[in-house]
Amino acid sequence: MATYAAPLREIRFVLNEVLNAEQLSKLPGYEDATPDLFDAVLEEAAKLCVNELLPLNLSGDKEGCHYENGVVRTPAGFKEAYTKFIEGGWTSLS
């Protein structure tokens, strides 16, 4: 079985050391953009990748998408994963 661990250490390094993302919280309207918030979002994104997306890799490769009667059909599980993506609020994250 395939395994995946999000490279959180590397992502945090880029955000904190290279981009100095902490400076965002000093801008008007971005006061909540703190390192703690970034960490929480990264942790949840990593969970989504491991728990929902990783298991779909094999079926996605084997089944692929199909075009039937003017409709694109995704492999089994993709619709449910996207529903969880939406329910998790990921489409409204900005």
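The values are calculated or read from the model by the stated rules, or taken from the named source; none is laboratory data. Not measured: the values here are computed from a predicted model. Note that each Cβ is placed from the backbone with ideal geometry, even for glycine, and that neighbours are counted across all protein chains shown. Heavy atoms of the whole protein, side chains included, go into the accessibility calculation; ligands, DNA and RNA do not. Shrake-Rupley method; radii C 1.70, N 1.55, O 1.52, S 1.80 Å.
Observations on the model:
- Within the stretch 2-41: backbone nitrogen closer than 18 Å to the S92 label point (7 Å, Cα to C-beta): 32-33, 41
- The chain: calculated mean residue ellipticity at 222 nm from DSSP helix runs of at least 4, using -39500 (n - 2.57): -11500 deg cm²/dmol
- Rounded to whole numbers, the Karplus 3J(HN,Hα) couplings from phi for the stretch 80-88 are 5, 5, 5, 4, 5, 4, 5, 4, x Hz, using 6.51 cos²θ - 1.76 cosθ + 1.60 with θ = phi - 60°, and x at Gly and Pro.
- Within a Gaussian network of the chain (alpha carbon springs, distance under 10 Å), most fluctuating of G64, G29, G77: G29
- Here the accessible area of the chain is 57 percent carbon and sulfur, with a 1.4 angstrom probe and all protein chains present.
- Inter-label distance, L53 to E17: 2.4 nm, where each label sits 7 Å from its Cα along the C-beta direction.
- From phi via Karplus (6.51, -1.76, 1.60), per-residue ³J(HN,Hα) for the stretch 8-18 in Hz, x at Gly/Pro: 4, 4, 5, 5, 4, 4, 5, 4, 8, 8, 8
- Solvent exposure of the chain as accessible area per residue, Å², 1.4 Å probe: 78
- For the stretch 35-50 versus the stretch 1-25, the gap between their alpha-carbon centres in whole angstrom: 10
- Amide proton proximity set for R73, modelled H, under 5 Å, gap of 5+: H66, Y67, E68
- When nucleic acids and ligands are ignored and a 1.4 Å probe is applied, F13 ends up with an accessible area of around 120 Å².
- Ranked from largest to smallest solvent-accessible area, with a 1.4 Å probe on the protein heavy atoms, C65, C49 come out as C65, C49.
- Cross-link partners of K84 among lysines, defined as those whose alpha carbon lies under 28 angstrom from its own and excluding same-chain residues fewer than eight positions apart: K47, K62.
- Exposure rank, largest accessible area first [T83, T91, T3; 1.4 Å]: T3, T91, T83
- Under a model in which nothing but the beta-carbon of Lys, Arg (+1) and Asp, Glu (-1) is charged, the stretch 8-88 shows a dipole of about 280 debye around its Cα centre.
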